[in-house]
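Please read the structure below before turning to the comments.
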Amino acid sequence: MTKQARSEHTRRLLLDAAAVLLHRDGYAATSMVGIAQAAGVTKGGLYFHFSSKDEICDEVQIAATDVLRAHVGRQLAVSRPALRRLAELSRALMHWLDTDPTVGASFRMAREMGSVDERFVVFSRTWLAQVHEYVAEAIDGGELGTDVPLETAELLVVVTCVGLESVVSSRIVVPDSDLAVTLGKLWRLIELAERSPRPTAGAGA
């Protein structure tokens, strides 16, 4: 392995370890020493690559954003209604929260530290911008009624995804399966409600 390859490998080990610790323990409980120990790297090796914990947090969010953008790029390769892409994006997010520590760490950092420093909400805002784009496309394409405000539809998706992540990570609720399946059930409830016949005016009077 060349010197450059070893350096890149060490950097990757440090980022992976940081993501796991940030996702599991949160920002405050994650230390530079802990990251180095988890990665099996000396403290000097850690500071060779990263000057501070916040710099590592920035890199973790960049990695999570790359995951998001790769998913969106794959979606663009296939023609689908905007609402379908929105549902797939939401399910993908839940899957990443189960399987990709960079995404889980990014959401937890936003929840815990977003009010302190905007650098911690970079990934979350990128994801929100994509949700906004899909909802706007759905309204423009007639997939949502014109009486549905964009902000309301967008808020429904955000509250559902962020709320589910929050209650599961805090152990308030333990899903019977992974987060993606749980969100899928919520989407099906919404779809069933949309197809249900609407009561006519004066019904039951």
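The values are calculated or read from the model by the stated rules, or taken from the named source; none is laboratory data. Treat the numbers as computed from the prediction; the structure is a model and nothing was measured. All Cβ positions, glycine included, derive from the backbone under ideal geometry; neighbour counts span all protein chains shown. Side chains included, ligands, DNA and RNA excluded: accessible areas come from the protein's heavy atoms. Shrake-Rupley method; radii C 1.70, N 1.55, O 1.52, S 1.80 Å.
If you go through the range 120-133 one residue at a time, do you hit one that is open to solvent by 60 Å² or more (accessible area, probe 1.4 Å), under 23 Å from Val162 (Cβ atoms) and of a type in the set (S, T, N, Q)?
No, every residue in the range 120-133 fails to be open to solvent by 60 Å² or more (accessible area, probe 1.4 Å), under 23 Å from Val162 (Cβ atoms) and of a type in the set (S, T, N, Q).
Quick one: what pairs do we get from the range 57-75, first residue crowded, with 16+ Cβ neighbours inside 10 Å, second of a type in the set (Gly, Ala, Ser) and part of a helix (DSSP H, G or I), C-beta under 7 Å, 6+ apart or different chains?
Val60/Ala18; Val60/Ala19; Val60/Ala105; Val60/Ser106; Gln61/Ser106; Ala64/Ser106; His71/Ala92
Considering only residues that are touching a helix residue (DSSP H, G or I) at 6+ places or on another chain (Cβ under 7 Å) and not aliphatic (A, V, I, L, M), which ones fall in the range 42-53? Outline the logic, then answer.
Initial filter on the range 42-53 (touching a helix residue (DSSP H, G or I) at 6+ places or on another chain (Cβ under 7 Å)): 42-43, 45-46, 49-50, 53.
Residues satisfying the conditions are Thr42, Lys43, Gly45, His49, Phe50, Lys53.
So which of Thr152, Thr182 ends up being in a helix (DSSP H, G or I) and at pLDDT below 75? Write out each step before concluding.
On the way: Thr152 fails: at pLDDT below 75.
Exactly one of Thr152, Thr182 is in a helix (DSSP H, G or I) and at pLDDT below 75, namely Thr182.
Filter the range 5-47 down to the residues that are among the β-branched types (Val, Ile, Thr), open to solvent by 20 Å² or more (accessible area, probe 1.4 Å) and part of a helix (DSSP H, G or I) and list them by number.
The first filter runs over the range 5-47 and keeps only residues among the β-branched types (Val, Ile, Thr), leaving 10, 20, 30, 33, 35, 41-42.
Adding the requirement that they be open to solvent by 20 Å² or more (accessible area, probe 1.4 Å) leaves 10, 20, 33, 41-42.
Hits for the range 5-47 are Thr10, Val20, Val33.
So which residues in the range 48-63 are in a helix (DSSP H, G or I) and either over 18 Å from Glu8 (Cα atoms) or not aliphatic (A, V, I, L, M) (or both), if there are any at all? Can you show your working first?
Here is the first cut: in the range 48-63, the ones in a helix (DSSP H, G or I) are 48-49, 53-63.
Once the filter is applied, which keeps residues that are in a helix (DSSP H, G or I) and either over 18 Å from Glu8 (Cα atoms) or not aliphatic (A, V, I, L, M) (or both), the range 48-63 yields Phe48, His49, Lys53, Asp54, Glu55, Cys57, Asp58, Glu59, Gln61.
Quick test of your reading of the structure: Ser79 fulfils all but one of (1) open to solvent by less than 50 Å² (accessible area, probe 1.4 Å); (2) assigned to a loop (DSSP other than H, G, I, E, B). Name the failing condition by number.
Ser79 satisfies all of (1) open to solvent by less than 50 Å² (accessible area, probe 1.4 Å); (2) assigned to a loop (DSSP other than H, G, I, E, B) except (1).
Does Pro199 fit the bill of being open to solvent by less than 50 Å² (accessible area, probe 1.4 Å) and at pLDDT below 60? Can you show your working first?
On the way: open to solvent by less than 50 Å² (accessible area, probe 1.4 Å): no; at pLDDT below 60: yes.
The answer is no for Pro199.
Could you grab me the full set of residues in the range 102-139 that are in a helix (DSSP H, G or I) and farther than 23 Å from Asp16 by Cα? First the steps, then the outcome.
Step one: list which residues in the range 102-139 are in a helix (DSSP H, G or I), which gives 102-113, 118-139.
Listed by number, the residues that qualify are Leu128, Ala129, Gln130, Val131, His132, Glu133, Tyr134, Val135, Ala136, Glu137, Ala138, Ile139.
Any residue in the range 140-159 that is in contact (Cβ under 8 Å) with a residue 24 or more places away in the chain sitting within a Cβ distance under 8 Å of a residue that is open to solvent by less than 90 Å² (accessible area, probe 1.4 Å) and in a loop (DSSP other than H, G, I, E, B)? List the pairs, counting only those 6 or more apart or interchain.
Gly141/Pro81; Glu143/Pro81
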